[in-house]
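Trainee: Sharing a structure here in structure tokens format.
The values are calculated or read from the model by the stated rules, or taken from the named source; none is laboratory data. Worth saying up front: this structure is predicted, and the values here are computed from it rather than measured. Glycine also receives a Cβ, built like all others from the backbone with ideal geometry; neighbour counts cover every protein chain displayed. Surface accessibility is based on the protein's heavy atoms, side chains included, excluding ligands, DNA and RNA. Shrake-Rupley method; radii C 1.70, N 1.55, O 1.52, S 1.80 Å.
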Amino acid sequence: MKKYLVFVLIACASVFSACESTTTTPPASQPLGDVGNDLQFINGKLYTVLDNSDKIVVETPSTVIDDRIFILDQGGFGKNNAQLDLWDWKDSTLSTNFYTSTPTATIAFPAKSAPWKIMQISATEALAAEFYTGQMAVVNLTSNTITSSIQIGAGQNSLAILGSNVYATTGSNTLVSIDKSQKIVIAQKWIGDTPMQVVADTGRNMLIVLTAGNYSPKTPGKILWVNPISLAVIDSIVIDTMHFINELVPAGNKMYILYGDGVKILDLATHTLSTDPLFTKSYYGGFFDVFKNVLYLGTAVDFQSNDVVDIFDLNSHSLKRTLKVGIAPAFFAVVRFI
């Protein structure tokens, strides 16, 4: 199953002061006509990864609105109906003028390469994973062009940065470390069946890897703690195959674990799981806004019907608003000009 990034837009009188457990439809949205796969705000520009058309669209958000969040709805299987939603934090009304121009640039990839993720590695460069080719593209952020590539293997579906290295998971069940300045592979190691996500725990200088397991032979999914230098697994939690995980959502000293049937909280210091009665259903993707201490969680009911994003204010420990969005919201990007 492809995992895609979704952004949702929400509007309130002032940072949730008027957002009391209501449901709303984002006032502005942009159809993409593709499948959304990642969304990143880099150097004042929004990079939207679209895998079916083998491109990354680069757009410059208007500075008229200084604090907002974009949500990229993945879209339904085979429908090519991804959607980008926008929410203004300060005003209940919003112009549909998202950008200073549309688009600023388009980064074209080889046909059938399926760009998957993009991650900034310096002021002027980013790495972009390609799901099918096995290449990782080096992108110049000034010219928005691909300047070179690194061969790491096909099936790349997650990127993380920790210290001087970038880490990627591949379809050959490996975890790969890349020197971000030299842009060469340092190490590559089998990490477990079907790695789905790698996350950098910078506070503890550790990598956390989610694996989904396999059916033949049957192996369980796991959450792994991995040494970033040796790539050795130093601890793990087994996931029951009936309770698969959609995503790990980092949130400071904890992670929100989005199981297929609910939400659990992982303490990153003790490696223990707990539940919270605040969360009453399952979610597909999420995002933690550390600046506002707010958690966004998006559903994916059947990948055919429109979904919602629930917004949780962790200061008051309450559900503050539910957004009506497109199909399968999973990726989020905060844009602030403050």
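Trainee: Using DSSP to call loops (not H, G, I, E or B), can you name the trypsin sites (Lys or Arg not before Pro) in the range 196-241 whose Cβ has at most 13 other Cβ atoms within 10 angstrom? Mind showing how you got there, number by number?
Mentor: Details: sites: Arg204, Lys218, Lys222; in loops: Arg204.
Here the sparse-neighbourhood loop sites are Arg204.
Trainee: Mind checking the full-extension length gain between Gln304 and Thr202? Use 0.36 nm per residue of separation minus the Cα-Cα distance, one decimal, nm. Mind dumping the intermediate values first?
Mentor: On the way: separation 102, 0.36 × 102 = 36.72 nm, distance 3.70 nm.
Extending this stretch completely gives an extra 33.0 nm.
Trainee: Expressed as a whole percentage, what fraction of the accessible surface of the chain belongs to carbon and sulfur atoms when a 1.4 Å probe is rolled over the protein heavy atoms? Before the final figure, lay out the partial values.
Mentor: Values: 7140 of 13550 Å².
For the chain, the apolar C and S fraction of the accessible surface comes to 53 percent.
Trainee: Still on this model: Taking a probe of 1.4 Å, how large is the accessible area per residue of the chain, in Å²? Provide the component values of the computation, followed by the final result.
Mentor: Working: 13550 Å² over 338 residues.
Here the per-residue accessible area is 40 Å².
Trainee: Tell me whether the range 203-259 comes out rounded, prolate or oblate; compute the Cα gyration tensor, take square roots of the eigenvalues as a ≥ b ≥ c, and use a/c under 1.5 as the rounded threshold.
Mentor: Numbers: a/c = 3.02, a/b = 1.33, b/c = 2.27.
Judged from the Cα gyration tensor, the range 203-259 comes out oblate (a/c at least 1.5, b/c at or above a/b).
Trainee: Can I ask one more? Only Cα pairs within less than 10 Å get springs; with that Gaussian network setup on the chain, which residue of Leu224, Leu162, Leu278 has the largest fluctuation?
Mentor: Leu278
Trainee: On to the next question. For q values of 0.08, 0.13 Å⁻¹, compute log₁₀ I(q)/I(0) with the Debye formula on a Cα-only model of the chain, without solvent.
Mentor: -0.35, -0.98
Trainee: Moving on to the next point. Modelled label-to-label distance, Val290 and Ser230, 7 Å Cα→beta-carbon offset: nm?
Mentor: Here the modelled spin labels are 2.8 nm apart.
Trainee: Moving to a separate point now. Once you put a point 7 Å from the Cα of Thr63 and another 7 Å from the Cα of Asp179, both along the Cβ direction, what distance in nm separates them?
Mentor: Modelled inter-label distance: 3.9 nm.
Trainee: Then there's this: Compare Ser216, Ser318, Ser230 in a GNM of the chain, Cα atoms joined below 10 Å, and give the one with the largest fluctuation.
Mentor: Of Ser216, Ser318, Ser230, the Gaussian network model singles out Ser216 as fluctuating most.
Trainee: Now for a separate question. Pairs of Cα atoms under 8 Å, at least six residues apart: use those to get the relative contact order of the range 146-200, whole percent.
Mentor: Reported as a whole number, the value is 33 percent.
Trainee: Further, regarding this structure: I want to verify a result. In a Gaussian network model of the chain, Cα cutoff 10 Å, which of these has the top mean-square fluctuation: Ser149, Ser316, Ser236?
Mentor: Taking springs between Cα atoms under 10 Å, the residue moving most is Ser316.
Trainee: Right, another one. What is the distance, in nm, between label points placed 7 Å from the Cα along the Cα-to-Cβ direction at Asn43 and at Lys218?
Mentor: Output for this residue pair reads 5.1 nm.
Trainee: I need the calculated FRET efficiency for the pair Gln151 and Thr280, taking r as the beta carbon distance and R₀ as 45 Å, to the nearest 0.05.
Mentor: With R0 = 45 Å, the Cβ-Cβ based efficiency is 0.50.
Trainee: Once amide H atoms are built 1.01 Å from N in the peptide plane, which residues 5 or more positions from Leu141, or in another chain, come under 5 Å H to H?
Mentor: Glu125, Ala126
Trainee: Highest mean first, how do 43-50, 261-268, 110-117 rank when packing is the count of other Cβ atoms within 10 Å averaged over residues?
Mentor: Working: 43-50: 21.1, 261-268: 16.4, 110-117: 19.6.
My ranking of the peptides, most packed first, is 43-50, 110-117, 261-268.
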